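The values are calculated or read from the model by the stated rules, or taken from the named source; none is laboratory data. These figures come from a predicted structure and were not determined experimentally. Reconstructed Cβ throughout: ideal geometry from the backbone, glycine too, with neighbour counts over all protein chains shown. Remember, those area values only see protein heavy atoms, side chains included, never the ligands or the DNA or RNA. Shrake-Rupley method; radii C 1.70, N 1.55, O 1.52, S 1.80 Å.
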Amino acid sequence: MNASVQLFLDEVWSLISGIYEKESKRIQEIKEVSRLQAGIKDYLGVTWSSSNPGDGYGVISIDLDRPFDWGDFSYRMNAGIYICDITDGLIIGEWLPALRTRLAEAMSAGTYGPRFFDYRFEIVLEMEREEGLRTFREVMIDEDKLAKQKRELEGFIQFKILPDLPVRPKELDEFFFARHLLNSDLFEQRGEQIEPLIGRLDEKHRSNPDRLLGWVSQYTSAFREWAEERFLARYFERTGSFGQDWTRKDSVDAADAAVMDAEDLDFFVYAALKVGHLKPELRERYLELAVRLGSEKAAGYIKNGSGRFRHRFEGTAMKGAANDVTETLEIRLHAEEEVAYREALKYITGLLSEGFPKGYKLNLRSPGKDKRYLPLNKLAKSQMHRFFAGALRYPGLHPLIAEYAKAAMEEFAWYKDVDPGEKSVMPGTYAVLGLGLLSTDYFPLLHRYMEMVDTEHQSAQDGYADAFIEAHGLAPDRIPLLVTILLGGSDLAKPVKAFVIDTPDLADALLIELESKEGYQRETVLYRIFGTRTKLAHLAGKEPSPLKEKLERMLAWYP
């Protein structure tokens, strides 16, 4: 071996092996390990740069993980005079093969432990030349580890993904599973192959919003990593503030686009749809980039949706457009009239009955300048809210609004009329809460809504009891529904000032309703009506019989 190559290799390996020994001890102390992680280390970067003179021959930087744009975590040492003799030919013919051999020996011998190296290991060497940095890249595959990883993955799918509840994967396993789905060594990159597995986990977590959000976040991140690091980087460069813009590379010409793998481009479009569930703005950006790369499918999605639903509708008093890919509805009312709202309600309800996404976003255009909203402060003043507040003005539309609500309500789903957060509400919310204030005919629908609403992740209904009592008054026959409304509030809901138990009849109705409830439910209802136990005790102490005794019975339920 060339003497300069030997010196360069020995100095680099001495630094690497010392760091690896320390890292090995740290990795062996990690207690929570996923069966889907073959190993931790999958990258080694070596860079020589003379722009930082060091001792006169430049600096060698070592990266044990892929560098981040936002930080510098490299290990450094000064290069010796030998570096001046290292040519590209010597790198390719001697240095890289020798480094590869040393790494392969360490992997085979298990020098740093069985979980140290991943089955796939990438070596990147960058050497400064007159024309700029010259990059040399090699990938090592441990075929035995890869085969073992495939077997683990097959078992994981068979015993953790496919079986019915209560079987669930660990959250750590889901992190790796999401990324394995986007790994061409393990899965063919085709939507029809991986979508059933994603959908199966979606289904299993449907009853647990936190786990569902966690899983969706994992595969969203995985698709984004694949899209930006493995696909878009071939054709675009990141530009603009924080690299949020993508500029077509000068080196990518029409000939390159012509030979682009159509399946890769289709998979990128599929990735755009998947990230869109959580990141709609990213879906839009990816689809636009796919159009720039020549995807007719992406162009069709942007313009018309998937084609499963009728894209445009025109009635006598309104126009509508539906796009199930972007999960948006466009409604244009020609006038603020009952007929316009009637046609719009029938149009939207029909789409939902055909399977249109219930958590859609509504863009409303109307000539009316009077923006009406329901008397509920915690509801977002969105276009969706304004549409239903407008339709609720017409009693003749109430049956249609109820029909819409029945089609729209879905547990653990959310409208996209606002950014995800405290203002997010379940589909059907504006319709049901409005109907519940206007007519006793829709009390059963309101009861069903309050039993279905996700009290852990939605709080817009917390103030509804006050508005309900103001609209309908407080009477014994209202107590069962009011109790359900209180139980439909979040943990942060405050006591209801208007809910005053000041007659024996009201107390009897409340006692009867609370008899059938669990202890924690009684506690919730009593707090929402009376506040603290001390306040209830004070109230019971000053009321005359028989109300006094009835309040004391409630006091016994209070912890």
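Yes or no: LEU133 in a strand (DSSP E or B) and at pLDDT below 95? Answer is yes for this residue. Among the residues of the stretch 237-261 satisfying the criterion of being surrounded by 11 or more Cβ atoms within 10 Å (Cβ to Cβ) and either modelled with pLDDT of 90 or more or of a type in the set (Gly, Ala, Ser) (or both), which is nearest to PHE187 (Cα to Cα)? Only one residue tops the list, namely ALA257. Within the stretch 478-493, residues that are touching a residue at least 12 places away in the same chain (Cβ under 8 Å) reach partners that are open to solvent by 10 Å² or more (accessible area, probe 1.4 Å) and aromatic (Phe, Trp, Tyr) with beta carbons closer than 7 Å, at six or more positions or on different chains, in the pairs LEU481/PHE443. What about TYR415, is it open to solvent by 30 Å² or more (accessible area, probe 1.4 Å) and hydroxyl-bearing (Ser, Thr, Tyr)? Spelling it out, it is not the case that TYR415 is open to solvent by 30 Å² or more (accessible area, probe 1.4 Å) and hydroxyl-bearing (Ser, Thr, Tyr).
Can you confirm whether the stretch 130-138 contains a residue that is of a type in the set (Gly, Ala, Ser), touching a helix residue (DSSP H, G or I) at 6+ places or on another chain (Cβ under 6 Å) and surrounded by fewer than 17 Cβ atoms within 10 Å (Cβ to Cβ)?
No, there is no match, as no residue in the stretch 130-138 is of a type in the set (Gly, Ala, Ser), touching a helix residue (DSSP H, G or I) at 6+ places or on another chain (Cβ under 6 Å) and surrounded by fewer than 17 Cβ atoms within 10 Å (Cβ to Cβ).
Which ones in the stretch 169-199 are open to solvent by less than 40 Å² (accessible area, probe 1.4 Å), touching a residue at least 12 places away in the same chain (Cβ under 8 Å) and not in a loop (DSSP other than H, G, I, E, B)?
If the condition is that a residue be open to solvent by less than 40 Å² (accessible area, probe 1.4 Å), touching a residue at least 12 places away in the same chain (Cβ under 8 Å) and not in a loop (DSSP other than H, G, I, E, B), then ASP173, GLU174, PHE176, PHE177, ALA178, HIS180, LEU181, GLY191, ILE194, LEU197, ILE198 are the ones that fit.
Taken over the stretch 262-281, the criterion of being acidic (Asp, Glu) and either surrounded by fewer than 16 Cβ atoms within 10 Å (Cβ to Cβ) or on the phi > 0 side of the Ramachandran plot (or both) is satisfied by GLU263, ASP264, GLU281.
It is to be established whether one or more residues within the stretch 21-36 are open to solvent by less than 20 Å² (accessible area, probe 1.4 Å), closer than 30 Å to CYS84 by Cβ and within 41 Å of the chain's Cα centre (by Cα). No, every residue in the stretch 21-36 fails to be open to solvent by less than 20 Å² (accessible area, probe 1.4 Å), closer than 30 Å to CYS84 by Cβ and within 41 Å of the chain's Cα centre (by Cα).
Apart from one condition, ILE141 fits all of (1) farther than 30 Å from PRO97 by Cβ; (2) open to solvent by 50 Å² or more (accessible area, probe 1.4 Å); (3) of a type in the set (A, V, I, L, M); (4) at pLDDT 95 or above; the exception is (1). Taken together, the criteria place GLU154 among residues that are at pLDDT 95 or above, in a helix (DSSP H, G or I) and either of a type in the set (Asp, Glu) or within 18 Å of PHE223 (Cβ to Cβ) (or both).
Give me the residue from the stretch 454-468 that is open to solvent by less than 10 Å² (accessible area, probe 1.4 Å) and part of a loop (DSSP other than H, G, I, E, B) and, out of that set, nearest to PRO480 (Cα to Cα). Residue satisfying both the conditions and the ranking: GLN461. Per the listing GLU284, GLU296, the residue uniquely within 21 Å of ARG238 (Cβ to Cβ), open to solvent by 80 Å² or more (accessible area, probe 1.4 Å) and modelled with pLDDT under 95 is GLU284. Just a yes or no: is a residue in the stretch 361-372 buried (at least 19 other Cβ atoms within 10 Å of the Cβ) and touching a Ser or Thr at 6+ places or on another chain (Cβ under 8 Å)? Yes, some residue in the stretch 361-372 is buried (at least 19 other Cβ atoms within 10 Å of the Cβ) and touching a Ser or Thr at 6+ places or on another chain (Cβ under 8 Å).
Tallying residues that are touching a Leu at 6+ places or on another chain (Cβ under 8 Å), surrounded by fewer than 18 Cβ atoms within 10 Å (Cβ to Cβ) and in a helix (DSSP H, G or I) within the stretch 200-229 yields 4.
Of SER24, SER34, which residue is touching a Ser or Thr at 6+ places or on another chain (Cβ under 9 Å), in contact (Cβ under 8 Å) with a residue 12 or more places away in the chain and under 30 Å from PHE156 (Cα atoms)?
SER24
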